């Protein structure tokens, strides 16, 4: 990724003393680095600001860097040969991106909101793993989590109904919500439909059905309150009404 007037590099984290007060640290791979060693982490990272709508990872480009989301939200997607787009996931605070990329990035990433990320070069991350063995173990845990998410997504797209898919999506977002019963959605209905393999009409119709069934309350197009989490969980598992 090249820095230009729309993607702003603040500088090395060590220079601006961001690591110690980073809100994403407890949720990210950086949590295994002791407080007294944060200066080593900072030496190998760079803070980047990315405006909404800007891609910061391009599918097929040479994978030179890893990224940790420290503030904001992003969507991950692949492009088909005919130009169609398939959203494969959403990245939130603390998420590590680029782990599965060896030579080239296997996906693209676009900021859904104003976004801040920490960027680590592959060389820098290798040095950190050598210096801090706990970091390598944490990356293995991250890789395992990615496999679990991929398997869950295969099940969602392959076997679940529209109601079950949307219930599963609400639970996914609930896991990262600051308030567990209120979801602030940074993605559009079109993004949700793309991610779930549904039409936007089906997403809107199913959300309205959930509202009528008193499972959710739609306060705004970007705000959904979960009223009956137990029933939503049952529905996601194929056991609801």
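No lab work stands behind these numbers, since they all come straight from the coordinates. Just so you know, these numbers come straight off a predicted model, no measurement behind them. Glycine also receives a Cβ, built like all others from the backbone with ideal geometry; neighbour counts cover every protein chain displayed.
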Original post:
Stretched out fully, how many nm does the piece from residue 201 to residue 99 gain, at 0.36 nm a residue minus the Cα gap?
Top reply: 33.3 nm
**OP:** Report the full-extension gain for the segment residue 59 to residue 143: residue separation times 0.36 nm, less the Cα-Cα distance, to one decimal in nm.
**Re:** 28.3 nm
Subject >> Cut-off 20 Å (backbone N to label point 7 Å along Cα→Cβ of residue 21), residues of region 115-143 >> reply: 115-119
Original post:
Between residue 52 and residue 220, what FRET efficiency follows from the Cβ-Cβ distance if R0 is 22 Å, with the result rounded to 0.05?
Top reply: 0.80
**OP:** Could you give me the radius of gyration and the Dmax of the chain, taking only the C-alpha atoms into account and expressing both in angstrom?
**Re:** 18.9, 56
Original post:
According to a simple spin-label model (label point 7 Å from Cα along Cα-to-Cβ), what is the distance in nm between residue 86 and residue 209?
Top reply: 2.4 nm
Original post:
Percent relative contact order of region 120-241, based on C-alpha pairs within less than 8 angstrom and at least six residues apart?
Top reply: 24 percent
**OP:** List the equivalent ellipsoid semi-axes of region 103-199 in whole Å, largest first, each obtained as the square root of 5λ for an eigenvalue λ of the Cα gyration tensor.
**Re:** 30, 17, 15
Original post:
residue 228 to residue 190: FRET efficiency via 1/(1 + (r/R0)^6), r the Cβ-Cβ distance, R0 25 Å, to the nearest 0.05?
Top reply: 0.40
Original post:
What fraction of the Cα pairs in region 161-236, stated in percent, has a spacing above 17 angstrom?
Top reply: 35 percent
